[in-house]
Each structure stands twice: as C-alpha cells, then as structure tokens.
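Have a look at the structure below, then the notes.
Any read-out appearing in this document is the output of simple, stated calculations on the displayed coordinates, not a laboratory observation. Nothing here was measured: the structure is a model prediction, and the numbers come from that model. Cβ: placed from backbone, ideal geometry, glycine included. Neighbour counts: every protein chain shown.
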Amino acid sequence: MSRAGRTSGAVMGWAVAAVVAAAAHGVMAQQEEQQQPAAEPSWEEQPYIQQDGAFDYGVYNGFRRYHAHCHTCHGPDALGSSFAPALLDSMQHLDYAEFLDVVVNGRENVGTGQQNVMPGFGLVPDVMLYIDHIYAYLKARADGDLGRGRPERLPPEEDPVWQDYQAQHG
C-alpha cells in the first residue's frame, strides 16, 4: 500500500473515531439532561401555583380583579369582545414589563380602518395594587392551565401566596 493510501486510511480511521466519540458524547449528554431535574420556571414564566386543579390566592384574586375592571372590554375569561381583543394569545407573547406598561399607560392600535384604544389603569388602585395577581390569572388562562370560570383555591394552609399576603396585610 502506498504512503498516500495509508495516510488516507489513517485519516479515515481518525474521522470514524471522532464521529463515534461525538455520538457517544451526545448520548451521554442527553442521558445527563434526562437525569437533571428540570429547572423551575421563573415567576414571570409561571406566576402561579397549581395543585390538583386548585390555584393560589393570586390567581383567584386576579380573576376577581380582572372581572371587576377588565372583562367589560376584554370579555369574560379574557376571551375578547367586540370592544377589545382576547388576551390569551397576547399573554403568550408579552413579558411582565410589557404587560405592566400596557396596563399602566394604555395602548392605541390603529390599523385596517379601525382604531382601538385601551385606557391606562395606572391611577386605579384596585388594579395597580393587584397587578401581579391579574398577571398570574391571565398567564394561567393563556398557558391553558386554568379553564373558564372562577378558579378553585388552594387551602389557605397550603397556599404560600395567601400566607405572604396575610403577613403583609393581615
């Protein structure tokens, strides 16, 4: 065999070994990922606690505040109306800062011969004091974890959101 043949054979052997090593490393990394516990979502990604179909106080209170101030335009259960859009899709794309900006300052959308104006609620204490709860309610709805209607509440002794609220306002 010529030197070129041996060199190309050696290179081919190294290439095969590299592919096998990379594949083995990928399998090992995949196994390690499967063994690693999933990271807890951030509050912004999942601002609610759900156990056996029951939700924390924030979601329950957010439902109450939403239906006191928002459903007139955005419809019951955030499904929209002829006055304003459904919020379920929006809440999958808005982060908390964007949500807060829209609620506090309002929004004006002009397009397709139609003008939609949402007033700002920054000076409405019943909205602003519970804005985190409204966000939690809408995220639970948008994530598909909460169906229509009033959420079932966690028992107070199992609800850290309720306990925190009581400690601050009790």
| note | For the stretch 54-166, the charge dipole (Cβ of Lys, Arg +1; Cβ of Asp, Glu -1; about the Cα centre) points to a positive end, and the Cα of Pro156, Cys70, Ile134 closest to that extreme belongs to Cys70
| note | Taking the alpha-carbon centre of each part, the distance from the stretch 88-104 to the stretch 120-170 in Å is 16
| request: Mind sorting Arg150, Arg107 by how few other Cβ atoms lie within 10 Å of their own Cβ, fewest first? | output: Arg150, Arg107
| Fewest-first sequence of Ser90, Ser42 by Cβ atoms within 10 Å of each Cβ | Ser42, Ser90
| query | If we count every other residue with Cβ under 12 angstrom of Phe99's Cβ, Lys/Arg +1 and Asp/Glu -1, where does the sum land? | reply | -3
